[in-house]
Ligand code: MD6
Ligand code: FE
């Protein structure tokens, strides 16, 4: 499988997961969402809702609310239940692309409806930045923007399609990035318009 270094530390793996694999994974995610329903996180302090709905897989999950802010926790914020396990294909994704000797602990599942976006942010709620973040996109294409460690650094954009993976580590581990827009109707994977992005992370130092 070919991969492309977009920036130092950012590697793009177009078509990492084939269509059959994507369909199986979507079925796994459907079952996971029945056990751990999508929730709408809110911003620390302001309480403004995200336009993206989320859930998690694995030992730890990323959550955010007005009162307690961004954090990882072992249970769903609404049901109090542990997060569902990660499907084997995500363990394979991590093993093949992270180059990290210990397993991923968290898989954040972001669901974008056609109007959802994700503002420029850094992934920096983990206790360790030694491991890269590995992401996989499913469903409609989206415009992903990536810059540098400072919010004002110049950015470049890339269109992520269903099945594409991205590894985000080394000097890019703390780069600002976000999703400017989703392109509705560009994939037939999901029954409705929208996009799913999975991000796998190591949260604690092994
Ligand atoms: C998204 N992705 O693609 C949002 N973060 O919907 C991320 O925020 C992200 O793709 C860290 C590393 C890779 C990512
Ligand atoms: Fe991110």
>> On a full-extension model of 0.36 nm per residue, what is the gain between residue 186 and residue 70, subtracting their alpha-carbon distance, rounded to one decimal in nm?
In response: 38.6 nm
>> For the ranges 29-41, 154-166, 134-146, what's the packing order if you count other beta-carbon atoms within 10 Å of each residue, average per peptide, and put the highest first?
In response: 134-146, 154-166, 29-41
> How high is the relative contact order of the stretch 93-206, given as a whole-number percent (alpha carbon pairs under 8 Å, six or more residues apart)?
Replying inline: 43 percent
>> Quick check: residue separation of residue 127 and residue 7 times 0.36 nm, minus the Cα distance between them. What number comes out in nm?
In response: 40.8 nm
> Where a ≥ b ≥ c are the square roots of the eigenvalues of the C-alpha gyration tensor, would you call the stretch 1-72 rounded, which needs a/c under 1.5, or, failing that, prolate if a/b is larger than b/c, or oblate?
Replying inline: oblate
> How long is the chain along each principal axis, judged by its Cα atoms, biggest number first, in Å?
Replying inline: 41, 37, 36
>> Just the number: Rg to Rh for the stretch 136-195, Cα atoms, Kirkwood Rh, two decimals.
In response: 1.04
>> Please compute one quarter of the surface area of the Cα convex hull for the stretch 61-150 and express it in square nanometres.
In response: 7.7 nm²
>> From Cα pairs below 8 angstrom and at least 6 apart in sequence, can you work out the relative contact order of the chain, rounded to a whole percent?
In response: 25 percent
>> What's the ranking of 109-121, 43-55 by average number of surrounding C-beta atoms within 10 Å, highest first?
In response: 109-121, 43-55
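We did not get these values from a lab; they are worked out from the coordinates using the rules stated. These numbers were taken from a predicted model, which means no experiment stands behind them. Positions of Cβ are backbone-derived with ideal geometry, glycine not excepted, and every protein chain shown enters the neighbour counts.
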